Amino acid sequence: MTKMEYQNLLLSESNGIYRITFNREKALNALNGQTMKELFHLFSDFLPSQSPLKGVILTGSGEKAFVAGADIKEFLSIESGKGGDMAQNGHDVFSLIENFHVPVLAAINGFALGGGCELAMSCHLRIASENARFGQPEINLGIIPGYGGTQRLIQYIGKTKAMQLMLTGDLFSAEDALKWGLLNQVVPANELLSVSEALLGRIAEKAPVAVSAVIASVNAFFNSPGDGFKTEVNQFAKTTQTSDFLEGAQAFIEKRQPKFTGA
Ligand code: COA
């Protein structure tokens, strides 16, 4: 599949930073099966083959929603006994995003509910517009968050709040999400994309191997408890074998900006 064949994702690129827009505005950008297939292809095939690739922004079309969840209209056609497959597929896609080697930033322009909140939580960074609203309302549909939400929400906001929110299905504001540690920043809606691009632009100037190593090391803390420190040692060792490592030290000593190449 080339990017031209995506039906529900719009792609644009500038200086190695890709903007991916969920493009089902009438359905509040709900994640249907086709969108999940496209997301998987995007992160497993298309983006890894791009160069330069410095960062990825995920956002939603329109002013109302980032992603309002999994597509509830498709729920009724899920074959009996296939719910686990659906959740596993979601885990596979979101795990690809969480472990992607360049930063993925969710620019949350409205509702981030259910799978939309879970998608945002699988990204490395989250910036929201002031009107954004969050929640895991699956309990209202008789199900639970199935794309990693029960695990990741706890990581960000702690067990006490996560338990209550998932048991009640209550939505919460961007202001609360920031206060509780789910978000990096909240900005006026008309600044969302420029602020997001600026943050990824700053990170794009860092040494690429070190950027990937931070992502892998931080994730390791959560993925395999106890293994994070070991991963950090290994990833640190990897960065010290690069010429960017030498360039970084040299530039510091010479009081100039480093020129990183990724080697
Ligand atoms: N899946 C499929 N379609 C969805 C959807 C979802 N998760 N969320 C919204 N839509 C559709 C609506 O069915 C509606 O389509 P229609 O015009 O064909 O009826 C359209 O998007 C607009 O949504 P609507 O509900 O009319 O907008 P609203 O402003 O009244 O409410 C929400 C917005 C987000 C509060 C409401 O749409 C909602 O609760 N959505 C479901 C959220 C959810 O439970 N997500 C978890 C799913 S596991």
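The values are calculated or read from the model by the stated rules, or taken from the named source; none is laboratory data. All of these numbers come straight from a predicted model, not from anything done at the bench. Neighbour counts run over all protein chains shown; Cβ positions are idealised from the backbone, glycine included. Please note that ligands, DNA and RNA were not included when accessible areas were found on the heavy atoms of the full protein model with its side chains. Shrake-Rupley method; radii C 1.70, N 1.55, O 1.52, S 1.80 Å.
List of remarks:
- The gain in end-to-end length when the S44 to I139 segment is fully stretched comes to 31.1 nm, 0.36 nm per residue minus the alpha carbon separation.
- Helical content alone sets the calculated 222 nm signal of the chain at -13000 deg cm²/dmol, taking -39,500 (n - 2.57) per DSSP H segment of four or more residues and averaging over every residue.
- Simple label model, 7 Å out from Cα along Cβ direction - M163 to K238, nm: 3.7
- Taken per residue, the accessible surface of the range 116-167 reaches 41 Å², heavy atoms only and a 1.4 Å probe.
- Cβ-derived FRET efficiency at R0 41 Å, A251 paired with K73, nearest 0.05: 0.15
- Relative contact order, whole percent, for the range 208-254 stands at 34, derived from Cα pairs under 8 Å and 6 or more residues apart.
- About the centre of its Cα atoms, the chain shows a dipole size close to 400 debye [charges on the beta carbon of Lys, Arg (+1) and Asp, Glu (-1) only; nearest 20 debye].
- P(r) of the chain over all Cα-Cα pairs, binned every 10 Å from zero, in whole percent: 7, 29, 36, 21, 7, 1, 0
- If only the Cβ of Lys and Arg carry +1 and only the Cβ of Asp and Glu carry -1, the dipole of the range 60-123 around its Cα centre is close to 140 debye.
- Among T239, T160, T59, the largest mean-square fluctuation in a Gaussian network model of the chain, built with springs joining Cα atoms closer than 10 Å, belongs to T160.
- Accessible-area composition of the chain, carbon plus sulfur, in percent [1.4 Å probe]: 56
- R0 of 35 Å, Cβ-Cβ distance T150-K230: FRET efficiency to nearest 0.05: 0.85
- Cα centroid of the range 244-263 to Cα centroid of the range 17-92, whole Å: 38
- Net length gained if the chain between S14 and S194 were fully extended (0.36 nm per residue, minus Cα distance): 63.6 nm
- Percent antiparallel among DSSP beta bridges (both partners in the chain, rounded to 5): 25
- Packing rank of 143-156, 198-211, where each peptide gets the mean count of other beta carbons within 10 Å, highest leading: 143-156, 198-211
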